[in-house]
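Structure record follows, encoded as structure tokens.
The values are calculated or read from the model by the stated rules, or taken from the named source; none is laboratory data. As the structure is a prediction and not an experimental result, all values here were calculated from the model. FYI the Cβ positions are ideal-geometry reconstructions off the backbone, even for glycines, and counts take in every protein chain you see.
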Amino acid sequence: MLDADSGRDLPRDDGRGEAERPTVTVVLPVRNEARNLPHVAERLPPIDELVVVDGGSEDGTIDVARTLWPTATVISQTRSGKGNALACGFEAATGDIIVMIDGDGSTDPAEIPKFVEALLGGADLAKGSRFSQGGGSADITHLRRFGNKGLNWLVNQIFDTGFSDLCYGYNAFWRRNLAWLDLPSTQATEPQWGDGFEIETVINVRAARNGWSIREVGSFEEKRLYGRSNLNAVTDGFRVLRTIGRERREHRASPSGIPASSWR
């Protein structure tokens, strides 16, 4: 059982009485994003580590990534789906803080400092939101907005949470807490639940179930620059709905005494 306070990491003392800032790893899952990566690179602030996770690109994405970021860690995911890509990236990350962004230009890397500051302020999870103060979207459709609102309401009712944007994938958390998310093994050969776009719901709900302090960070979502999205509002929406049901069953089976998540 995770103690909410022990799950927080704060700037360390470097022995000279000065606080040392934690290191930051950005995990960037990509698949055929060669034309989008230069824009991502242009907006990316100084970080300590970049992990690029390729999902079988056929357009030279890996070559572009290595040209833009010669010191980046570039790996291939072990199965398919965004969830598996993120799990592989988390496993390879070495920074104190892990930040999740997308490679299509929709999430703005320039917002990363806001997420880091939320964690430095005591949060365990900095949850990006298009619907909180400072957020917005140039891409979300009426159908996706309606579906997201309904899924938010359902999760908030079941888990006593306060999410305003459950399915948005721009998040940051302390790497020391990664084990508590209990993500599917990257070594499994068969497809696993959590390998797809439901990964955001898995992470957010499990963070809440484990009593993490969660702070929403306003974020603006742009349209994908080039290429076609792999997201399907209907089929992926149903996967999220099934995920909520699975997490609810797990929640009911969990030992009592897990602290409630806190919201700021």
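For the residues 169, 196, 147, the requirement of being over 27 Å from residue 119 (Cβ atoms) and touching a residue at least 40 places away in the same chain (Cβ under 8 Å) singles out 147. Among the residues of region 98-116, are any farther than 21 Å from residue 137 by Cα, outside any loop (DSSP other than H, G, I, E, B) and within 17 Å of the chain's Cα centre (by Cα)? Taking every residue of region 98-116 in turn, at least one turns out to be farther than 21 Å from residue 137 by Cα, outside any loop (DSSP other than H, G, I, E, B) and within 17 Å of the chain's Cα centre (by Cα). Do we find that residue 216 is at pLDDT 90 or above, within 17 Å of residue 30 (Cα to Cα) and either among the aromatic types (Phe, Trp, Tyr) or buried (at least 22 other Cβ atoms within 10 Å of the Cβ) (or both) in this structure? No: the conditions fail for residue 216.
When the criteria are applied in full, residue 85 fails the requirement of being under 23 Å from residue 215 (Cα atoms) and outside any loop (DSSP other than H, G, I, E, B).
Report yes if some residue within region 124-142 is surrounded by 22 or more Cβ atoms within 10 Å (Cβ to Cβ), over 21 Å from residue 227 (Cβ atoms), small (Gly, Ala, Ser) and touching a helix residue (DSSP H, G or I) at 6+ places or on another chain (Cβ under 6 Å); otherwise report no. Yes, there is a match, as at least one residue in region 124-142 is surrounded by 22 or more Cβ atoms within 10 Å (Cβ to Cβ), over 21 Å from residue 227 (Cβ atoms), small (Gly, Ala, Ser) and touching a helix residue (DSSP H, G or I) at 6+ places or on another chain (Cβ under 6 Å). For region 11-39, a tally of residues being modelled with pLDDT of 95 or more and either buried (at least 20 other Cβ atoms within 10 Å of the Cβ) or in a loop (DSSP other than H, G, I, E, B) (or both) returns 16. Scan region 119-155 for residues that are closer than 28 Å to residue 21 by Cβ and in a helix (DSSP H, G or I) and jot them down. Matches in region 119-155: 119, 120. Checking the stated criteria, residue 207 turns out to be modelled with pLDDT of 95 or more and buried (at least 21 other Cβ atoms within 10 Å of the Cβ).
Just wondering, is there one or more residues in region 177-188 that are modelled with pLDDT of 95 or more and of a type in the set (D, E, K, R)? Checked region 177-188: at least one residue is modelled with pLDDT of 95 or more and of a type in the set (D, E, K, R). Quick one: which residue in 116, 99 is surrounded by fewer than 22 Cβ atoms within 10 Å (Cβ to Cβ) and at pLDDT 95 or above? Result: 116 is the single residue among 116, 99 that is surrounded by fewer than 22 Cβ atoms within 10 Å (Cβ to Cβ) and at pLDDT 95 or above.
Each row is one residue, and each column tells you yes or no for (1) in contact (Cβ under 8 Å) with a residue 40 or more places away in the chain; (2) not aliphatic (A, V, I, L, M).
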| site | (1), (2) |
| --- | --- |
| 183 | yes, no |
| 211 | yes, yes |
| 225 | yes, no |
| 245 | no, yes |
